[in-house]
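For reference, the structure is listed below as C-alpha cells.
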Amino acid sequence: MKILVPTAGPVPAKEKADYIVNIAKRIGAELKVLHILKEGEETKKGEEALNLFSEAGQKAQVNVSKILKKGDMVSAIIISAEVESADLIIMGASQ
C-alpha cells in the first residue's frame, strides 16, 4: 500500500510526521511525501519538511520517498497520486 502525504512545510511536518509514519507502520504502507513549492519559496524549507518525514520513517522502519515539486497545489497532488499509484492521501489543514 502507498500513502501520499502532501506537507505544507517544516512546522506542520514536525507536528505530524511521527503520527503519520505510525499509521503507515500499522498498515504496512510506504509513504510518498510531497512538498509543493509556492512561488518564491526556497527549496530549503521544502527539503527540511521532507527530511523530517524521512527521519521519522527511518526510526520506525517505514519506507519514505521524498517528492519536491513546483506548480499548482491541487494539480501537483492529483498528478503525484496518479504517478505514484497512491492508495490513500493523508493531508491536513494549515495556514
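Computed across segment 27-70, the Kirkwood hydrodynamic radius from all distinct Cα-Cα pairs reaches 10.9 Å.
In the chain, taking the dipole from charged Cβ atoms about the Cα centre, the farthest positive-side position among 19, 50, 92 is held by 19. In a solvent-free Debye calculation with one equal scatterer on each Cα, what is log10 I(q)/I(0) for the chain at q = 0.10, 0.20, 0.21, 0.25 Å⁻¹, listed in the order of the q values? Those come out to -0.22, -0.90, -0.99, -1.38, one per q.
Debye-formula intensities of segment 52-95, expressed as log10 I(q)/I(0) at q = 0.18, 0.24, 0.34 Å⁻¹, are -0.69, -1.07, -1.16 (one equal scatterer per alpha-carbon, no solvent). Within the accessible area of the chain, the carbon and sulfur atoms contribute 50%, probe 1.4 Å, all protein chains present. Extension gain, residue 47 to residue 89, is 13.1 nm, computed as 0.36 nm per intervening residue step minus the present C-alpha separation.
Exposed loop sites are taken as GluC sites (Glu not before Pro) in a DSSP loop (any state but H, G, I, E or B) with at most 13 other beta carbon atoms within 10 Å; the longest stretch of the chain without one runs 43-95.
When only the Cβ of Lys, Arg, Asp and Glu is charged (+1, +1, -1, -1), the dipole of the chain relative to its Cα centre reaches about 220 debye. Computed with a 1.4 Å probe over protein heavy atoms only, the accessible surface of the chain comes to 63 Å² per residue.
The values are calculated or read from the model by the stated rules, or taken from the named source; none is laboratory data. Just so it is clear, the structure is predicted and the values come from calculations on it, not from any experiment. Using ideal geometry, Cβ is built from the backbone for each residue, glycine included, and neighbour counts are taken over all protein chains shown. Accessible surface is based on the protein model in full, side chains and every heavy atom, while ligands, DNA and RNA are left aside. Shrake-Rupley method; radii C 1.70, N 1.55, O 1.52, S 1.80 Å.
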